[in-house]
Amino acid sequence: ELKVEQNPLFLSMQEGKNYTIYCNYSTTSDRLYWYRQDPGKSLESLFVLLSNGAVKQEGRLMASLDTKARLSTLHITAAVHDLSATYFCAARSNDYKLSFGAGTTVTVRA
Amino acid sequence: GAVVSQHPSRVICKSGTSVKIECRSLDFQATTMFWYRQFPKQSLMLMATSNEGSKATYEQGVEKDKFLINHASLTLSTLTVTSAHPEDSSFYICSASGLTSYNEQFFGPGTRLTVL
């Protein structure tokens, strides 16, 4: 069974500073996903990472994947208020099912 | 990108009644649809996987007689919560995938179910 651990669970960010969210998964996975969820809303896809060493960036968010360590990171650069949300990582197993991490609730303060 | 819709977006029902939630893939053929449940401040938990024209496969601990899933066409899957109780109140999210979406899952906007 593919298990995904995400940390931290809560992250209080100061505007302008940099932070990282970590996502570990337990067994081989062919794809790692990052999603954003705003309160009361469904998931918004941020990144799909396919291979070892993959790095993707969009605005202040950058995601990377190390398949050997079974680790993905979501790096936030110069946090701004608009980034307040809950972020989930998910790993895909061979049967195309997704296993989600517990989520990281991000609050950005001035 | 692929678009998935859900209907209704919110539903309130009395305890003991049944509620049907629809999940539609609007611009691609979804050979597989997934149903998730999310309780407040928790992660998404997979309830079941349905393949078009086949019986759904339920995750451990999910009652198949309570959560009826039908995937009769390549664009529509339905989840019926039978004899709903307050503990079934949750956010239900579907996702759809198919060969034309490279087996990626595209998520619907979710349905908020409140059982009184």
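The values are calculated or read from the model by the stated rules, or taken from the named source; none is laboratory data. Treat the numbers as computed from the prediction; the structure is a model and nothing was measured. Quick reminder, even Gly has a Cβ in these numbers, built from the backbone with ideal geometry, and neighbours come from all protein chains shown. The area values use the complete protein model at the heavy-atom level, side chains included, leaving out ligands, DNA and RNA. Shrake-Rupley method; radii C 1.70, N 1.55, O 1.52, S 1.80 Å.
Cα-based radius of gyration for chain A, normalised by 2.2 N^0.38 Å, reads 1.01.
The contact residues of region A:77-95, meaning those that lose at least 20 Å² of 1.4 Å-probe accessible area when all protein chains sit together rather than their chain alone, are A:PHE88, A:ARG92.
Cross-link partners among lysines for A:LYS97, C-alpha distance below 19 Å, same-chain residues fewer than 8 apart left out? A:LYS97 reaches A:LYS3, B:LYS55, B:LYS64. Counting charges near B:THR32 (Lys, Arg +1; Asp, Glu -1) among other residues having Cβ under 12 Å from its Cβ returns a value of -2.
Unpaired Cys in the protein assembly as shown, meaning no second Cys C-beta under 4.7 Å: B:CYS13. Diffusion coefficient (Stokes-Einstein, Kirkwood radius over C-alpha pairs, 25 °C, 0.890 mPa s) for region B:5-93: 183 µm²/s, rounded to a whole number. Just how many % of Cα pairs in region A:1-59 lie over 18 Å apart, if you round to the nearest whole percent? Cα-Cα pairs of region A:1-59 separated by over 18 Å account for 49 percent. Show me the chymotrypsin sites (Phe, Trp or Tyr not before Pro) within region B:19-116 that DSSP assigns to loop and that have at most 16 other Cβ atoms within 10 Å of their Cβ. Hits after loop and neighbour filter: B:TYR102. Other residues lying with their Cβ under 15 Å from the Cβ of A:THR107 contribute a combined charge of +1, Lys and Arg counting +1, Asp and Glu -1. Whenever you get a sec, compute what percent of the accessible area on the protein assembly as shown sits on carbon and sulfur atoms (1.4 Å probe). Its accessible area is 51 percent carbon and sulfur atoms.
The spread of Cα positions in the protein assembly as shown, taken along each principal axis and listed from longest to shortest, comes to 50, 37, 31 Å.
Backbone geometry of region A:101-106 corresponds, through the Karplus equation with coefficients 6.51, -1.76 and 1.60 at θ = phi - 60°, to 3J(HN,Hα) couplings of x, 6, x, 10, 8, 9 Hz, x marking Gly and Pro. Taken along its three principal axes, the alpha carbon spread of region B:50-116 comes to 40, 24, 21 Å, from the longest extent down to the shortest. Near B:LEU46: Cβ cut-off under 10 Å, other residues only, Lys/Arg at +1 and Asp/Glu at -1. The net charge is +1.
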